[in-house]
């Protein structure tokens, strides 16, 4: 995988661009085989999932986010050439940012962008805004479509939010059925209810909360991954950690592995329907950096939204003095539900690239 | 960063090669500026830290692991050309592997290599063996030397093993002083004692244990990292997850972030000695994928060593039938102490590359 | 350098997109340091140079080609984030292509795109159209601006067209002064006149002609280039050969070197104003793949425009039978003058990337 | 393709290392599918072709150049893991270089390496020595073997040397039969004779000569190449220009294209045996950067060997004064015959990589 600046992937490769309050955000997707059906609706559906303003749990900003395909598609089918997708930034109100433009918001990237570049677009986080993920989700929609045609399904769901965790692993069917039915994107409805309450409680106190998102990939063939540095789990870890607010990534049992014994952690092999399978899947579908054929399972720790209405201590870099900041506006009190489609997108991007690299998907022609 | 197959890094870049029981293992390191003093002793010192056979906690195999520098160094100084370093594989006894060559060891990469490649070197894990990390550690020694000359120090230590965790964060000085004094590489001597006991207890039962390793980088300048995909934490996550046995990676507070509120998780900014600093470092030295100038802190979850002497269920892929496997030999009952130098090496590789890419280290000439 | 699909460069890196008759063409430019002044006029000026319809020598199609900057620039200065630049495709008449959509034009990429992708946008050459160079030229304008601020000037001119070659090397001043004054972009006005006549003569016969374009770079510091594969001349060769219609690339004396003796080909070194210089510059400013500090000189052989009005033999791939094709419309009878700005752009892209990689330009901050 | 420093290729990828008078030179080859038969003899045969001392036309230095495979091969078959191949540098006499260590040889890379790196291995050209091509040729032998199993044959021959050019294109059979039978590697025996005479004549005068080498690839499937920057011809140009002494590269008719008319340059298409073919192959097997299925034909201009025994003017960089240099020893009076196997190797590397990237060769498993 190439992972550099604004580009991600090696053959199936994306480059995102755009600042939150600039003219537009978007993405160029390369490496999509020619002849695959693709329409703006395919993209729009996924973009609508990441859009804010869907419930009390996500911000109420009105982002219309209509995608336009500018290249790479001809009469509803891909050309094998780069697909540029664009979303104009509309209805942006940059005034609140004028007042705090030299006061970096704690937990945000304001300070580090300024330290690195010396000249920043302070409006709405600029390039570090969550709006950048529009490009990822749009590209992910293309990757998902390609993967679906090759038998791979990607499912994300919130497994913990505001201290409320699921108490049993939902089935694949439950995830499919329930995730879009509640604003936290939890597959267990009773837990979703509790998560919502806890999130809103913290929000009422002017605070925010974090959680854990899980992404699964089903139908992934064995043999993906390029040891020893391009291991599948290494690529997934990079992909997920590149999402803002993600502070930890675990594969399979993840951090729980620290407290297991070898006899508990190893997945025994057996034969089922003439195929070698793992009896359990604590490894999360990956051994030695190569997919086993079992579902890929990844968990991401999402930090609490850094924007909170409580006053916070910061500095004024223009005056080089300490200062206080009070953020106004409507923030996501918990970002987990909006991380779900982004994390799914990143998983799809990794797998589409890996499938092509491993010769499982033809790089030039679809179907 | 490029992260593909056997290559890691973009400018400061390494390519490792070698199978466990083949003629040799080694590495080619590119992107080292010319004129840097470098001798085989610099490399050997780090290699000796990763070598097994140092205590009851690590395997008793006698790996002499003498490094030879084959290129890129002339009269004790680097040339700016690729540095190839080689370690011959000596004293290898491949016989135990002949018996199990069609029976993949659970928790190991035997099965996935076979599924991917169809033809494998089954002796000692072949390419998936921990011996591959010799190349990483040798290259890391070069990176560490380059970083030290630019004020960056990297420190690794075991913070949890076999269920015993440290109860306070050791100081930088304690880590420096204590880590090489006990076989678990724990910076708190009293905890080291308890870890050892717990590890040996499990080993006596024919089982293995896991743990958590922390790596810190001090003196890292602000501004490293290339948003939005080449984020510093994304590159570190990939680097660490590419180490065998690592199943989770967290930055700063890592997975604990899931249960904090925004007001607890955000690091307030203040001014100290005329510089903007973070009052706390829950972010682990990275915001928005860019280094803040605070220490980088990363934690890796290490799974229990998959090789255990207890019998395990597996398959025989030649006969396509289920089978039992009993591994004989001397295995590391806990791999954490040997992960420490490897994780330090990976951190050094990421940072050396990033320092050059960000213009903090001259790519062509040293000093 | 990365040179893959639609991406070119390693740190200063571009990704172009767009088909000739699709909604738009454009480019994403990464790696531009923050704080550099940049306005749409800077880009438009270069785009206007590559636009057709400027004289009898170039096609009369009306391409307005107004560029829009969509990201990476804030209040007239760059942000260090990706710069997406877009040009809408207007006034395109796709009807002439409907008739020949299964008959590949000889000398064009119609056949090979179809063989590779199986599904093509046959209108105006699709992705293989010269319109793709709009993205290159727009990105090149950014690179030129960055280079100019670091003392590097890039000059292109036509040195041979339709069999008429210059008979002496013009001075740097002549190139600057004369190239934009005649439609062939020749620096010697008397030769420009002869070239035009020869081009129009062939055009009157329904045929086209080729020629040779030279690009020079002045003020390039010594030390650029990354032996042994990322040699400066290797990168330049790739850059130039990636331009449609270019069939040969030579550095310095280029193909004339075959007939010189060593004593004639070697440039003697001497000392001038306290600096080591080459007395002559037959090497074209590069030795061992590294810049010497002398001007970089490259020559490109441009094939005759493949679109001619004479009838040509081809096939019909739908019917799998032989066929004749007669192209109608207004074609460039000689493409050299329009290659000049594209070749300049490619040179600028290579050098901007190399200057950053060699630490001669700060990757994050301008000036 | 990645083309950076010492690495070439994207999936089938090589990294060379080593200085002329250091301990060893070698290469790491990645991306070779598992299960391919490979023995040291396969490599040695090609290395012997590039070795000097084969005739009066090449230097008389005794380079034994025995290759050792250190990894990636197990019991005569490849593992899909990196193949490190090593050749020790023996019989090197560095004394002649001590005297001229601050006096750069005109036409060589001595000066530019010193300008770039500030610290150099001046013995025998160090890294810029032709010995570096040992790694290329060894890797090329692996690529050739892989290609041969997929129907691709690569043939190189000298088409011009010391001013003597072939007067007709030899057949494929003539090249196969004659090239190894004469020291200039010319496929036309009568021309070989004349070339030898002309070369030796110049050598007798203390001078050297250049020439032109052609490389052909037969059996290449249509559809290779990744527009618009990873065009097949762009990759080939980079590959060839990265060979020391190569100053120009042309595809098909190459620089002759400048003087043809469109009606002469375009290859008409026709149908033969139910397949679309080009009637002629002036394009050299590539249209729009994509292979047509016709043979790939490339010509390289090789400059005269820069080492000549005539006195030359240079500088002494330690004293910063002008100086004279007289090179002693046995130099190749014409390097063309030794470029032939290197150019074949580079062609093989490009095509092996492209075949895998285009899905024509399975990346993981051979056969």
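Across the identical copies, the 7 Å label point of residue B:99, projected outward along Cα→Cβ, sits 6.7, 7.6, 8.1 nm from its counterparts, in ascending order. Each of C:353, B:332 has some number of other Cβ atoms within 10 Å of its Cβ, and from fewest to most they run B:332, C:353. Working from the alpha-carbon coordinates of the protein assembly as shown, get Rg over Rh, Rh being the Kirkwood radius. Looking at the protein assembly as shown, the ratio lands at 0.96. Got a sec? Which residues in the stretch B:86-122 would a label at residue B:320 touch, if it sits 7 Å along Cα→Cβ and we count backbone N under 20 Å? The answer is B:101-105, B:111-120, whose backbone nitrogens lie closer than 20 Å to the label point. Have a look at A:319, A:247, A:197 and tell me which one the Gaussian network model of chain A (Cα, springs below 10 Å) gives the largest fluctuation. Among A:319, A:247, A:197, the largest mean-square fluctuation in the Gaussian network model of chain A belongs to A:319. Projected label points at residue D:75 and residue A:167, each 7 Å from Cα along the beta carbon direction, are separated by 5.5 nanometres.
Computed per residue of chain C from DSSP H runs no shorter than four, each worth -39500 (n - 2.57), the mean residue ellipticity at 222 nm is -8000 deg cm²/dmol.
Antiparallel versus total DSSP beta bridges in the protein assembly as shown: what percent is that, nearest 5? If you can, show how the numbers build up before the last one.
Values: 236 of 244 bridges.
Antiparallel bridges: around 95 percent, rounded to the nearest 5.
Whole angstrom only: what separates the Cα centroid of the stretch C:98-159 from the Cα centroid of the stretch B:76-133? The stretch C:98-159 and the stretch B:76-133 have Cα centres separated by 46 Å. Post the alpha-carbon centroid distance, the stretch A:179-258 to the stretch C:294-341, in whole angstrom. If we compute the Cα centre of each part, the gap is 54 Å. Taking the stretch C:259-367 as the region of interest, what is the percent of Cα-Cα pairs per 5 angstrom bin, listed from the shortest bin to the one with the maximum distance? Spelled out bin by bin, the stretch C:259-367 gives 2, 8, 11, 12, 12, 12, 11, 8, 7, 7, 6, 3, 1, 0, 0 percent.
Residue of chain D with the Cβ closest to the rotation axis carrying D onto A, and that distance rounded to whole Å: D:359, 3. Counting only alpha carbon atoms, the long axis of helix B:336-357 and the longest principal axis of chain B meet at about 40°.
Here the residues A:99, D:101, ranked from fewest to most Cβ neighbours within 10 Å of their Cβ, fall in the order A:99, D:101.
Counting Cβ atoms of other protein chains within 10 Å of each Cβ in B:30-36 and taking the mean gives 4.
At a Förster radius of 60 Å, what calculated FRET efficiency corresponds to the Cβ-Cβ distance of residue C:204 and residue A:102, to the nearest 0.05?
On the way: r = 67 Å, r/R0 = 1.11.
It comes out at approximately 0.35.
Between this copy and the others, label points of residue C:280 are 3.5, 7.2, 7.8 nm apart in ascending order, each placed 7 angstrom from Cα in the Cβ direction. Size of the stretch A:70-158: Rg and Dmax of its alpha carbons, in Å, are 18.1, 51. Residues B:117, D:119, ranked from the fewest to the most other C-beta atoms within 10 Å, line up as D:119, B:117. Comparing C:287, C:232, C:86 in a Gaussian network model of chain C where C-alpha atoms under 10 Å apart are linked, the largest mean-square fluctuation is found at C:287.
If I stretch the segment between residue D:280 and residue D:45 completely, what's the gain in nm (0.36 nm per residue apart, minus their alpha carbon distance), one decimal? Kindly include the intermediate steps, with their values, before the conclusion.
Numbers: separation 235, 0.36 × 235 = 84.60 nm, distance 3.43 nm.
Result for the pair: 81.2 nm of gain on full extension.
How many Cβ atoms of partner chains, on average, are near each residue of B:198-205 if near means within 10 Å of its Cβ? Don't skip to the end; give the middle numbers.
Details: counts 0, 0, 0, 0, 3, 1, 0, 2.
Going residue by residue through B:198-205 and averaging, the value is 1.
When residue D:68 is represented by a point 7 angstrom out along its Cα-to-C-beta vector, the spacings to that point in the other copies are 0.5, 6.4, 6.4 nm, nearest first.
Applying 1/(1 + (r/R0)^6) with R0 = 45 Å to the Cβ-Cβ distance of residue B:328 and residue D:273 gives a FRET efficiency near 0.10. For the stretch D:3-357, the Kirkwood radius over C-alpha pairs fed into Stokes-Einstein at 20 °C and 1.002 mPa s yields D = 101 µm² per second. Which of rounded, prolate or oblate describes the stretch D:123-265 when judged by the alpha-carbon gyration tensor and an a/c cut-off of 1.5? Rounded. Under a 10 Å cutoff between Cα atoms, tell me which one of A:269, A:229, A:74 has the largest fluctuation in the Gaussian network model of chain A. Taking springs between Cα atoms under 10 Å, the residue moving most is A:269. Between the helical axis of A:40-50 and the longest alpha-carbon principal axis of chain A there is an angle of about 60 degrees. As a length-normalised measure over Cα pairs under 8 Å and 6 or more apart, the relative contact order of chain B settles at 23 percent.
Once both axes come from the Cα atoms, what is the angle between helix D:189-204 and the longest principal axis of chain D, in degrees from 0 to 90, rounded to 10? That helix lies at roughly 20 degrees to the long axis.
Coordinate-derived values only; no laboratory data. Nothing here was measured: the structure is a model prediction, and the numbers come from that model. Heads up, the Cβs are rebuilt from the backbone with ideal geometry, glycines too, and the neighbour counts pull from every protein chain shown.
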